[in-house]
Amino acid sequence: MRKLKVGMIGGGGGFFGKVHHRAISLDATREVVAGALHQDPALCEKFAGEWGVAGYPDYQAMIADWKAGNLELDYVTIVTPNFLHAEQAVACLEAGLPVMCEKPMCYTLKEATDLKALAKRKKNVPFALSHTYTGHQMMMLARELIKQGKIGDIRKIETYYNQGWLATLLEKEGNQQASWRTNPKMSGISGCGGDIGTHALINALWTTGLGLKKVSAKLTALKGRALDDDFNVFGELSNGATLVLTATQIAIGHKNDNGFRIYGSKGSIEWAQEQAEELHFLDGATRVTYYQNSFVAETPDIVKSYGRIPSGHHEDFLEALGNLHTSLERKIRVIKGEKDVPPAYDHPGIDEGVLGMKFLTAAVNSSKKKGAWTAV
Ligand SMILES: NC(=O)c1ccc[n+]([C@@H]2O[C@H](COP(=O)([O-])OP(=O)(O)OC[C@H]3O[C@@H](n4cnc5c(N)ncnc54)[C@H](O)[C@@H]3O)[C@@H](O)[C@H]2O)c1
């Protein structure tokens, strides 16, 4: 099988580009072959050399070389700070290159709705949004169990993402990731909300298939910080049920403590990413634990197809991100006319990206009005 060829924008010397690089390589069916890996053209060359890929001074040059037939690419992964995603995604889609784009999808809601209009026109050019946690098999299973009616009608969702790494003004100490995340010019209208609140939101809504009608929010920040680092939202879901979402980056001791509790009329489902290989179902009399890769009858084959190793050996964050790449890969292979490609499981895309930006806009506006209920 021919490996899919991937180009990357951003990632050189940064955090998440290297994580994508590993997730892309995970199944030996895809490989990073080129990149515009840094904003400084000289460093682009350096990092491309270290990665052993073709280096380009900027993404325009990489796309131009692909268009000229000098470079093979099947899709592009965008791993730059938030304010750059939209222009880079637009350039890829316009050129006909499928995209794996980092979240939050854009810097503004307008960019997101414009990108959606473009993606609609380019409907044969797949677009995936890297809400990593939705790639976990146990998240897929939770979604399937809810679709099968296992917990009945959803009455309430608690979804959370607690971190502590911004409990001090780390950005003043030159920390690269903290610097741009707390800078409104690079991050967007919300810091913590954009960075991890959108994960908590999409984890809940993608799993349940529910929408969000309105929110009441309280956002705060440490003194000396321009964007929120504590992001608390009440929401009304499309079925009238209540959403309680908390995302924080000042919870000392918490690393990547995210997950959800979904309460229905027949039972509850709980998942926590720091024990990502387990999914819990509670019906009042019993608490049942589903284990990754030891599937029960309710598990569709499409979910099983995302497993790699026998249960009890660990599959986690890299595999979850790899699974999102796998879904994009399967779609691309089908479009290219390859036979016997397993079906792609649903993954976040343009719609979730727009939803994330609408959510952030409504939450920021609500918080400015002391928590006034605000339509999403
Ligand atoms: N899905 C997830 O779980 C997850 C986790 C972490 C980060 N992220 C997202 O990934 C993105 C990057 O975050 P990070 O933590 O890796 O930040 P980072 O600062 O570590 O990396 C950003 C990279 O972009 C590069 N860059 C900046 N401007 C560029 C330009 N004009 N052209 C090319 N490259 C440029 C930087 O050199 C750096 O390599 C953000 O959107 C963030 O929200 C997602």
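Every number here is computed from the coordinates shown, using simple stated rules; none is lab data. Worth saying up front: this structure is predicted, and the values here are computed from it rather than measured. Neighbour counts run over all protein chains shown; Cβ positions are idealised from the backbone, glycine included.
Is at least one residue of the stretch 224-233 touching a Leu at 6+ places or on another chain (Cβ under 8 Å), surrounded by fewer than 24 Cβ atoms within 10 Å (Cβ to Cβ) and either part of a loop (DSSP other than H, G, I, E, B) or in contact (Cβ under 8 Å) with a residue 40 or more places away in the chain (or both)? Yes: the stretch 224-233 contains one or more residues that are touching a Leu at 6+ places or on another chain (Cβ under 8 Å), surrounded by fewer than 24 Cβ atoms within 10 Å (Cβ to Cβ) and either part of a loop (DSSP other than H, G, I, E, B) or in contact (Cβ under 8 Å) with a residue 40 or more places away in the chain (or both). Listed by first and then second residue, the pairs with beta-carbon distance under 8 Å, at least 6 apart or on different chains, first residue in the stretch 137-166 and on the phi > 0 side of the Ramachandran plot, second in a strand (DSSP E or B), are 152/264.
Scanning the stretch 184-196 for residues that are away from the ligand (no atom under 11 Å from the Cβ) and farther than 10 Å from residue 229 by Cα gives 184, 185, 189. Note on the stretch 91-106: among residues that are crowded, with 17+ Cβ neighbours inside 10 Å and not aliphatic (A, V, I, L, M), the one that is nearest to the ligand (Cβ to nearest atom) is 102.
Scan the stretch 278-303 for residues that are surrounded by 20 or more Cβ atoms within 10 Å (Cβ to Cβ) and in a loop (DSSP other than H, G, I, E, B) and the total you get is 1.
If you check 40, 74 for being in contact (Cβ under 8 Å) with a residue 12 or more places away in the chain and among the charged types (D, E, K, R), only one passes: 74. Residues that are surrounded by fewer than 19 Cβ atoms within 10 Å (Cβ to Cβ) and within 16 Å of the ligand (Cβ to nearest atom) within the stretch 107-162 comprise just one, 108.
Which residues, taken from the stretch 32-90, are away from the ligand (no atom under 13 Å from the Cβ), farther than 13 Å from residue 17 by Cβ and β-branched (Val, Ile, Thr)?
Matches in the stretch 32-90: 33, 90.
For the stretch 47-55, indicate whether the set of residues that are more than 22 Å from residue 353 (Cβ to Cβ), β-branched (Val, Ile, Thr) and crowded, with 16+ Cβ neighbours inside 10 Å is non-empty.
Going residue by residue through the stretch 47-55, those that are more than 22 Å from residue 353 (Cβ to Cβ) are 47-55.
Those still in the list that are β-branched (Val, Ile, Thr) too: 53.
If we keep only those that are crowded, with 16+ Cβ neighbours inside 10 Å as well, we get 53.
Looking through the stretch 47-55, at least one residue is more than 22 Å from residue 353 (Cβ to Cβ), β-branched (Val, Ile, Thr) and crowded, with 16+ Cβ neighbours inside 10 Å.
The number of residues in the stretch 355-376 being buried (at least 20 other Cβ atoms within 10 Å of the Cβ) and of a type in the set (A, V, I, L, M, F, W, C) comes to 7. Identify the residue in the stretch 173-212 that is in a helix (DSSP H, G or I) and among the small types (Gly, Ala, Ser) and, among all such residues, is farthest from the chain's Cα centre (by Cα). Top of the filtered list is 179. Applying the condition of being in contact with a strand residue (DSSP E or B) (Cβ under 6 Å, 6 or more places away or on another chain) and not in a loop (DSSP other than H, G, I, E, B) to the stretch 343-354 and asking which residue is surrounded by the fewest Cβ atoms within 10 Å (Cβ to Cβ) yields 352.
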